[in-house]
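Throughout, read-outs are computed from the coordinates displayed, never taken from laboratory work. If you're wondering where the values come from, they're calculated on a predicted model, not measured in any experiment. Virtual Cβ from ideal backbone geometry, glycine too; neighbours counted across all protein chains shown.
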Amino acid sequence: MGDLHAASTAALGLILAADPAVMGIVGLSLQVSLTAVLLAALVGLPLGALLAVTRFPGRQSVIVALNALMGLPPVVAGLLIYLLLSRSGPLGPLGLLFTPSAMVIAQAVLIAPILAALTRETLSGLWEEYAEQLRSFGAGPLRAVPTLLWDGRFALLTVLLAGFGRASAEVGAVMIVGGNIEGFTRVMTTAIALETSKGDLPLALALGLVLMGIVLAVNVLAQVLRSAASRWAG
Amino acid sequence: MRAPDTILPLCVEALRFAAGGVEILHGVSFTLEAGPPTVVIGPNGAGKSVLLRLLHGLLPPGGGAVRWATAPDRSAPRQAMVFQRPVLLRRSVMANVAYPLALAGIGPRERARRAEEALDLVGLSALADRPARRLSGGEQQRLALARAAALGPEVLFLDEPCASLDPSATRAVEEIVAALARRGTKIVMTTHDIGQARRLAGDVIFLHRGRVVERAPAARFFVAPETPEAAAFLQGELVW
């Protein structure tokens with residue numbers, strides 16, 4: 001218990017002193033995960049909306065595949081991106097392996113299916129409500145996509161937050177494609193894994209506290225958005 | 001403002017519709033001309049809403065035909081519909097009116113002008129910036145009317161627009177409907193409220209069990225219905 005107490009005190013000290021090493025790691029984590037969410041959203045949101053409004057043969061299979069991909073283990077996503085980016089891989093000449101860009105790509109691949117699946121689920125209900133009215137206005141399913149994305153904006157923000165939570169908490173993918181290089185590709189989760197195995201508990205704990213604080217803030221934000229949404233939805 | 005060509009008269013010929021193996025309309029025929037409101041009345045389950053959806057083009061006929069005088073052009077909607085329970089977008093009152101105008105390809109300036117005019121017509125100008133879904137039931141229905149009216153349709157279908165409204169909201173909606181009719185919009189409205197039909201109808205289509213049982217000018221229909229079913233319905237008997 002004494003160890004834990006000492007480590008906690010040291011961890012708080014690191015956070016309160018805005019230790020440059022800690023801040024650098026936190027900053028990179030946020031940068032990587034936020035960029036990944038943005039990229040994944042550009043693909044996942046329209047894709048999910050399209051799946052919500054269109055009916056085509058094989059749609060159910062696509063939805064099942066998407067839902068399965070929601071559970072894609074981060075290490076597997078990391079491995080796939082590693083194979084693509086490694087020197088002998090198809091994208092090897094780009095020289096992206098062990099860079100923050102590679103980490104962004106891996107996290108984006110990991111969460112794009114999550115965003116698409118959650119978007120489809122969210123907008124399906126909205127489409128059920130809107131379909132007849134929009135058809136009456138002369139808007140078909142394709143034209144409905146931007147309408148649904150906008151009218152579902154509050155719910156979709158919580159979808160984005162879910163994606164961000166998943167991205168910032170995963171360790172496997174960024175470890176494999178980033179390489180946990182100090183000052184370059186070291187993020188909170190990989191640092192916690194490393195420092196714990198090295199025995200540097202204060203640093204690991206400090207980063208763990210920051211990570212939990214971020215997750216908490218994300219959930220508070222989601223709650224605020226939900227109540228804002230209900231004000232509009234009536 | 002309106003192009004000289006007209007989509008009226010509308011010829012409905014032997015129109016049939018079935019859903020889930022149940023025949024809802026058994027060969028309905030009539031012609032709709034420009035003029036005062038046509039009110040479709042009949043007991044619940046007579047097929048009134050289905051008929052309106054078929055005319056509006058939301059449902060494909062199971063047989064027969066819905067023939068407009070000129071082919072419908074989706075880019076410039078000439079007919080619009082207001083539903084019993086309007087679906088308002090999760091946007092401001094003003095944005096709700098502007099949305100179908102944008103879909104119809106109307107530019108921003110003309111859109112704003114028409115939306116303001118329509119909100120003025122239904123008395124919602126003061127609420128233009130409010131979230132539409134926070135309006136009361138009566139205000140929501142008036143907004144739905146404004147949204148349809150802004151399109152300047154030649155024909156406006158109204159499916160039981162007052163079914164879930166209290167008397168004062170009903171009165172406000174009826175006044176708007178009457179004002180639109182005076183401006184030359186052909187109103188085609190369903191209702192199961194005989195009083196409302198009396199107040200608004202120019203002519204009446206009495207629909208009963210999926211058939212047009214009687215079609216007559218309102219003045220004659222309410223005084224001297226020709227069929228026993230219509231007479232029974234007007235006397236408030238439970239026909240079904």
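Figures for the structure shown
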quantity: Percentage relative contact order, region B:1-143, counting C-alpha pairs under 8 Å, at least six apart; calculated: 22
quantity: Exercise: per-residue mean of other protein chain Cβ atoms within 10 Å, B:88-94; calculated: 4
quantity: Per-residue mean of C-beta atoms belonging to partner chains within 10 Å, peptide A:136-144; calculated: 5
quantity: Neighbourhood charge, 15 Å Cβ-Cβ cut-off, centred on A:Ala116 and excluding it, Lys, Arg +1 and Asp, Glu -1; calculated: +2
quantity: Top positive-direction residue, dipole computed over region A:87-234 with Cβ charges, set A:Val218, A:Thr196, A:Thr147; calculated: A:Thr147
quantity: R0 of 22 Å, Cβ-Cβ distance A:Val76-A:Ile181: FRET efficiency to nearest 0.05; calculated: 0.50
quantity: Longest DSSP-loop-exposure-free segment, GluC sites (Glu not before Pro), chain B, at most 12 other Cβ within 10 Å; calculated: B:34-236
quantity: Chain B: radius of gyration and largest Cα-Cα distance (Dmax), Å; calculated: 17.8, 54
quantity: Cβ charges +1 (Lys, Arg) and -1 (Asp, Glu), total dipole of chain A, debye; calculated: 620
quantity: Structure-based [θ]222 nm, chain B - -39500 (n - 2.57) summed over DSSP H runs of at least 4, per residue, nearest 500; calculated: -10500 deg cm²/dmol
quantity: Charge sum, other residues only, whose C-beta stays under 12 Å from B:Gly107's C-beta, Lys/Arg counted +1 and Asp/Glu -1; calculated: +3
quantity: Chain B - percent relative contact order, Cα under 8 Å, separation 6 or more; calculated: 27
quantity: Theoretical FRET efficiency, 1/(1+(r/R0)^6), r = Cβ-Cβ of B:Ser29 and B:Ser136, R0 56 Å, to 0.05; calculated: 0.90
quantity: Cα-centred dipole magnitude for region B:10-234, charges only on beta-carbon of K, R (+1) and D, E (-1), debye, nearest 20; calculated: 560
quantity: Rounded to 5, percent antiparallel among DSSP beta bridges of region B:10-234; calculated: 55
quantity: Of all DSSP beta bridges in the protein assembly as shown, antiparallel share, percent nearest 5; calculated: 55
quantity: Built amide H within the under 5 Å cut-off of B:Arg130, gap 5+; calculated: B:Val93, B:Met94
quantity: Cβ-placed point charges (K, R +1; D, E -1), dipole of region B:60-159 about Cα centre in debye, nearest 20; calculated: 320
quantity: Whole-number percent relative contact order across chain A, with pairs defined as alpha carbons under 8 Å at least 6 apart; calculated: 32
